[in-house]
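K.L.:
Starting off with a structure, shown below.
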Amino acid sequence: MKYDEALKECREWFNSGGIGELDGVAFNIAINSLEKRIPQKPKYKEFKIILATVGEKTDGDFLCSCGSAVYSDYKFCPECGQALDWSSKNDSN
């Protein structure tokens, strides 16, 4: 089972109301952890002044969804642990 499939199953079970209050807290933690395992594309820092060629995206010009700067050799954000998807780094807008 892949992370996104497990996340879908957990959300469905959680939303069905079949768990108690304390289990709900643990389940929310599990859901948040699964969400971090699904790679997300970093966002390009459009507001940054780039010293290289105008419009050229350079390493370090990307942000994780938490707002932390990330580099192309990072597999995970050092601040929040989000898995990063660099498969189309130059197309991340």
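The values are calculated or read from the model by the stated rules, or taken from the named source; none is laboratory data. These numbers were taken from a predicted model, which means no experiment stands behind them. Positions of Cβ are generated from backbone atoms using ideal geometry, with glycine treated the same way; all protein chains shown enter the neighbour counts.
K.L.:
Do we find that ASN90 is at pLDDT below 65 and in a helix (DSSP H, G or I) in this structure?
P.N.:
Criteria met by ASN90.
K.L.:
Any chance you could count how many residues in segment 11-61 are modelled with pLDDT of 60 or more, outside any helix (DSSP H, G or I) and under 23 Å from CYS80 (Cα atoms)?
P.N.:
11
K.L.:
Output yes when any residue across segment 71-85 is closer than 23 Å to GLU5 by Cα, modelled with pLDDT of 65 or more, surrounded by fewer than 14 Cβ atoms within 10 Å (Cβ to Cβ) and touching a helix residue (DSSP H, G or I) at 6+ places or on another chain (Cβ under 8 Å), and no when none is.
P.N.:
Scanning segment 71-85 turns up at least one residue that is closer than 23 Å to GLU5 by Cα, modelled with pLDDT of 65 or more, surrounded by fewer than 14 Cβ atoms within 10 Å (Cβ to Cβ) and touching a helix residue (DSSP H, G or I) at 6+ places or on another chain (Cβ under 8 Å).
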